[in-house]
Each structure stands twice: as structure tokens, then as C-alpha cells.
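First the structure, in the form of C-alpha cells, and then the observations on it.
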Amino acid sequence: MRTVEEHQRVVAELIAARSPVTVGLAEAEGRVLATDVAAPLSLPVFDNSAMDGYAVHAEDIAGADADHPVKLPVAEDIPAGRTDPLTLAPGTAHRIMTGAPVPHGATAVVAVELTDGGTDTVEIRTSAKPGQHIRLAGEDVTAGTAVLRAGQLVTPAALGLAAALGLGQLTVLPRQRVLVMSTGSELVSAGTELKPGQIYESNAIMLAAAVREAGGEVVATPTSSDDVTQFSAVLEGYAGQADLIITSGGVSAGAYEVVKDAFGGSADGHRPSGSSAVEFVKVAMQPGMPQGAGRIHGTPIITLPGNPVSALVSFEVFVRPALRAAMGLPDPNRPRRNAVLTEDLSSPKGKRQFRRGVYDAASGTVTTYGPPASHHLRWLASANCLLEIAEDVTQVAAGEQVQLWDLS
């Protein structure tokens, strides 16, 4: 059987980054910058007031205090947004608001709380140091300097900076467009009355959410029966719309394995020639042993097993890190932690086991959660981690340390 690491490499080699695109700021959020961003102007753009108060010549109020206030006539009122240039004459004050341009000649701003708040004349009850409460032009950003770097995640703060610099667009690595497809003649949509032998489709909903959580974009979530013709027709209908196709189901060793049948796969991992080449293998892991990967008309396809736990665990192990890496996103791998196991645990020899667990950060302990079988989705829905048990380990005793993947 193929090792987990071998299949991870196969999947990672299939999923490649898209060419950079230039998009509006709203679309850039959560993506990674493809180029450095240089400031087209300085910030602040002009000297402005850091307080609501009065612009003054500092020497005019030297020695002022509560017992010896200085009275000055208020020659101008300067709200934020006033655009005409002003000059402060000696022996006068300008009432000024936060963010408003400081008049030429002013050397300090006195906070309104330290005055009587007058509009015709103002009584100032404190002295001021030169430069007090004045934001100088360029003290935050100097025009021409690189303020954002290629490879940096576009966060709300990065968007705020870009907008403050007057930039309407950023060049970023685009999201991977993913088609998520479930297979199985037994699947029906929610809201449909179940007939004997039918179940509600859940994998496409679950995997699409996982794609979005990983930073990707979901093109569609179609479902196909176990009929090869229908399966092929559904894929053909989305030709050219996706950078990656993820299917679930139809890859095991039994009959009616539609994905394997559609691509000429077999239990020995046969890889067909031509425009569609998908290799089906067994990976030494539990859950998630049957896997497939390849290309359809040049588009990468990852075929996951159909049991829901197997499908989502397989996504976490193989697809999520490769998907995030292709988009340049930070931390493509889930955080790994060591924790003390609270109970005895057994694991099959020769397979890497991923068990659902509940990690208690306060105590540094982890408890397995639910049975290991791949259809027990309820337990995965409430787990916050996966315990990773190596292939050569069959028993782990309570009190021993284990490695886990933090899903929280």
C-alpha cells in the first residue's frame, strides 16, 4: 500500500497555484498578495490634529496654567475636511477638530478639555510643548516605501492601509475553484422523503464547507448516480470551470464503483492512458484507505472514499494542505500538538490511524471520542482534534503522549 506521505506528495504535485489576478479590495480580503505594494503617497498626507482643541503658537501660552490662563481670540474654525489653506497669526488660536489640517505657523494643539471651549475667545489653562498633538505628514508612511509584501495575507488591517493610500485594487493569488461531487444511486437531497435503501446526501455539503474553510471557492456541488454515463455527463457539464475536482464515493473494490469505472480503474491501481488518467490506490491509513488522484482533460481530480468520516479525514490529510499551499495561504497544515492520552487505545498494525478526539488544552490531555468506524459522523462533528497513531503502533496506554491535529 502507498504511505500517507507518498499520497500527500502525489496530491500536492497535482494542485498548482493559479496566475495572479488584480481585484478590488473587497475581493482581495483573505487572499495572499502576489506583489509588493509601494505607497503612492505619504501618511498622514498633511500635518493634522490628533485632538479636538485649539491650534496655537506654543510660545503664546508659555507658563499658562489653571491659575494663570491665557486668553486668545479664535480666528478660525477648522473642521475635518476643510481644504482651504490657513495661516495662524501670532497671538490667536484656531479651533480645530481631530484629523483637520493644522494651519501654517501653528506649533501645538491644546486639547479642548484644558480650555473653556470658547468660540470667539478661548481661555487656555495649560502650556504646550512644540509639536504637541500634531500628527506630522509622512510620520506613518513615506511615499515610495513598500508597505505590504508579496506573500502577505490580506487582512482587514492591510485593506485599511491600501484604502488609506487611495489604492482601489490589489494583485493577489486567486482562490482555487473547486467542483465537489458526490456519487451514489442511494443519495437524495434534503427535503425528499426517503425510500427504503436511500440516504440523504451529506458529503458534498460537508466537503464544500471544508473547501471554503480552507480558503477555496466552490464552483458547484452536484450529485451523480452510480451510472457511468450520468457521472461523465455531470463532469462534462462543468468542464473548464474548476481548477480542482473532488469526488466522494465510487472508489472501493466492489461493484458499481462509478468513479473507478468511469476512468477505467481497477483494484491493482491501473492508470488509463489518454486525456483522463486517474490512479486508484490503497493508502496505509484508517479511515480512508481507498484513494484516487489524477487528471481529467488537464484538470486535477482527487477521488475520496464515500463514507463521510473517511471523506473528511482524507480531505484533511491530503487535500486541505495542498489546497492552501497552492493559494499561498499561511499555515497549510493543521497545528500539531502533543497531549497525554486519558485511556488505553488500540490501533491496527500497518495502518496510520486517525481517531476522533477531544483535546483539553487546560490539562494537556486528550480523550478518544466515539468508535473508529468511518460511518460514525456524529462523533467527528463534536471532536476538536484527530489523534495520529503511527503505522507501527498497535497499543497506546493511558498516560502516554500522542500527537494530535488541532481542528479547532
**Request:** Kindly indicate whether residue 75 is over 18 Å from residue 151 (Cα atoms) and more than 29 Å from the chain's Cα centre (by Cα).
**Result:** yes
**Prompt:** With respect to residue 105, is the statement that it is more than 30 Å from residue 390 (Cβ to Cβ), surrounded by fewer than 16 Cβ atoms within 10 Å (Cβ to Cβ) and at pLDDT below 95 true?
**Reply:** no
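For region 204-230, give me each residue that is among the charged types (D, E, K, R) and either touching a helix residue (DSSP H, G or I) at 6+ places or on another chain (Cβ under 8 Å) or touching a residue at least 12 places away in the same chain (Cβ under 8 Å) (or both). Walk me through how you get there before you give the answer.
So in region 204-230, the residues among the charged types (D, E, K, R) come out as 212-213, 217, 226-227.
Listed by number, the residues that qualify are 217, 226, 227.
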**Message:** Quick check on my filter: what residues within region 395-408 are surrounded by fewer than 15 Cβ atoms within 10 Å (Cβ to Cβ) and without any contact (Cβ under 8 Å) to a residue 60 or more places away in the chain?
**Reply:** 395, 397, 398, 399, 408
**Asked** How do the pairs read when you match residues in region 1-19 that are under 23 Å from residue 287 (Cα atoms) with residues anywhere that are assigned to a loop (DSSP other than H, G, I, E, B) and open to solvent by less than 60 Å² (accessible area, probe 1.4 Å), using Cβ under 6 Å and keeping only pairs 6 or more apart or on different chains?
**Response** 1/284; 3/284
**Prompt:** Exactly one of (1) farther than 14 Å from residue 153 by Cα; (2) hydroxyl-bearing (Ser, Thr, Tyr); (3) open to solvent by 10 Å² or more (accessible area, probe 1.4 Å) is unmet by residue 35. Its number?
**Reply:** (1)
**Item:** Residues satisfying the stated conditions in region 122-141, i.e. open to solvent by 80 Å² or more (accessible area, probe 1.4 Å) and of a type in the set (S, T, N, Q)
**Value:** none
**Message:** Can you tell me which of (1) in contact with a Gly (Cβ under 8 Å, 6 or more places away or on another chain); (2) under 30 Å from residue 158 (Cβ atoms) is the one residue 12 doesn't meet?
**Reply:** (1)
**Pairs with Cβ under 8 Å, 6+ apart, first in region 107-120 and of a type outside the set (Phe, Trp, Tyr), second open to solvent by 80 Å² or more (accessible area, probe 1.4 Å)** = 107/59; 107/130; 108/129; 108/130; 114/125; 115/125; 116/125
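The values are calculated or read from the model by the stated rules, or taken from the named source; none is laboratory data. Predicted model, so just to flag it, every value in this text is computed and none were measured. Backbone-built Cβ (ideal geometry, glycine too); neighbour counts: all protein chains shown. Please note that ligands, DNA and RNA were not included when accessible areas were found on the heavy atoms of the full protein model with its side chains. Shrake-Rupley method; radii C 1.70, N 1.55, O 1.52, S 1.80 Å.
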